[in-house]
Amino acid sequence: MEVTDGFELAIDEHVATLTLNRPVTRNAVTAAMWRALPGILADLAAEPKVRVLLLTGAGGTFCSGADISEIHELGDNDDDTGLTVVAEHALVTFPKPVIAMIEGYCVGGGCQLALACDLRIAATGARFGVTPAKLGIVYPLSSTRRLAEIAGPAAAKLLLFSAELIGAEHAVRIGLVDEVCPPEDLRERVYGLAATMAGRSRLTMAAAKQIIDGRAGEAEVRAWQREARESGEMAEGVRAYREGRSPGFSWDAK
């Protein structure tokens, strides 16, 4: 599977790791990278071997944001056509669990990407910021709302109004980050969690993701429940529980 310059992709067992790989710029995301991300995600979504996606950055930094030297190529960040918003939406709607593994700086567009993931696990020294107020940029509607939903309205305003950076412990207190651990333990924790998820039910996680994200109603839930019964997924889970073994769930998406 090919990826564009600025990304590095590795697949080990059932876990794909997509790395922002421009360490000289603290992994600032170019216009080409924003443009390519939806296609990369579509390919990973269609790859049955991949059950969990990790998003991280090279060189001890997650992402310093969009590449400011190309800011005019990003357009006005319209919520339908803006490059960063389209990429963000592709990450939000990725049908499998996505974990952001964060070290160093997670700022601006980097925070936008991290918040589009399902979970964010950070090293203790990580720093977070949402900084459009330093550049006179109006943050996208969907991104602003997601920030407020995750961190709360007051915390979102503080981050957006001040454009100041906060530490990982502050970030976890306001819900911006889900877990914080020592840098030396970060990879073990994240890859261990990913391996656990890779052994869980695709149907359960896909349905939960859509419901929690507000993208499924009663009809969709009933369809997921029907598929769980008809596919044998629920029967396998119950049988495995009774037999005291790990279930062998199918990841062949219909």
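The table below lists the values:
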| quantity | calculated |
| --- | --- |
| Neighbour-count order for Cys181, Cys111, fewest beta carbons within 10 angstrom listed first | Cys181, Cys111 |
| Convex hull per residue volume in Å³, alpha carbons only, for the stretch 7-197 | 104 |
| Share, in percent, of DSSP beta bridges within the chain that are antiparallel, nearest 5 | 30 |
| Estimated dipole of the stretch 201-243 in Debye, rounded to 20 [Cβ of Lys and Arg +1, of Asp and Glu -1, Cα centre] | 40 |
| Separation in nanometres of the label points that stand 7 Å from Cα toward Cβ, at His72 and Asp43 | 3.1 |
| Residue of Arg239, Arg202, Arg120 that the Gaussian network model of the chain assigns the largest fluctuation, springs spanning Cα pairs under 10 Å | Arg239 |
| Cα-based helix-to-principal-axis angle, 141-151 vs the chain, degrees rounded to 10 | 70 |
| Which of Val238, Val177, Val15 has the fewest Cβ neighbours within 10 Å, and the rest in rising order | Val238, Val15, Val177 |
| Sorted by Cβ density within 10 Å, fewest first, the residues His72, His89 | His72, His89 |
| Tilt relative to the chain, helix 233-243 - C-alpha long axis, 0 to 90 degrees, to 10 | 70 |
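Only the coordinates and a few stated rules stand behind these numbers; no lab work does. Here the structure is a predicted model, which is why all the values come from computation and not from measurement. Neighbour counts run over all protein chains shown; Cβ positions are idealised from the backbone, glycine included.
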